[in-house]
1. For the structure I just gave you, tell me whether ILE63 is part of a helix (DSSP H, G or I), modelled with pLDDT of 85 or more and under 19 Å from VAL93 (Cα atoms).
2. In the list ILE33, ILE20, which residue meets the criterion of being at pLDDT 90 or above and over 13 Å from the mean Cα position of the chain (by Cα)?
3. So, in region 31-60, exactly how many residues are open to solvent by 30 Å² or more (accessible area, probe 1.4 Å), over 15 Å from LEU16 (Cβ atoms) and either in a helix (DSSP H, G or I) or among the acidic types (Asp, Glu) (or both)?
4. Scan region 43-64 and report the pairs whose first residue is under 11 Å from PRO4 (Cα atoms) and whose second residue is of a type in the set (A, V, I, L, M, F, W, C) and not in a helix (DSSP H, G or I), with Cβ atoms within less than 6 Å and a gap of 6+ or a chain change.
Amino acid sequence: MKGPGIVISLFGLLVLGGGIIGYTNTANIASLIAGSASGLGLLASGLGVLRRKELGFVFAPFITVLLTAYFAYRLVLGGDFIPSDVIGVLGLVALVLYCALPAKESL
């Protein structure tokens with residue numbers, strides 16, 4: 001399951017980086033905590049998918065859907081393009097790729 005695991009891991013790196021950038025731009029500690037927690041959660045679940053662990057398969061789409069829904073909600077409320085629209089679109093792309101990429105079994 002290399003494809004879906006790599007997609008979720010890359011999305012986790014982007015979310016983690018976004019939380020760090022949000023903290024450096026606005027000095028908002030909540031952005032750092034939320035970005036780090038969700039980014040590290042996505043990285044851990046991406047590695048779980050790569051290692052074929054059951055929790056990875058559960059948490060990867062769960063965290064992605066939660067982040068996408070949260071940023072879609074923020075987009076509707078505030079209308080800000082960055083980060084709401086970018087993370088929302090990237091979350092949808094990651095979720096579609098996670099579900100659509102074929103799982104290659106290596107024996």
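The values are calculated or read from the model by the stated rules, or taken from the named source; none is laboratory data. Computed from a predicted structure; not experimentally measured. For neighbour counting, all protein chains shown are included, and Cβ atoms are generated from backbone atoms with ideal geometry for every residue, glycine included. Ligands, DNA and RNA are stripped out before the accessible areas are found, and what is left, the full protein with its side chains, is counted by its heavy atoms. Shrake-Rupley method; radii C 1.70, N 1.55, O 1.52, S 1.80 Å.
1. It is true that ILE63 is part of a helix (DSSP H, G or I), modelled with pLDDT of 85 or more and under 19 Å from VAL93 (Cα atoms).
2. ILE33
3. So the answer is 6.
4. Correct list of pairs: VAL49/MET1.
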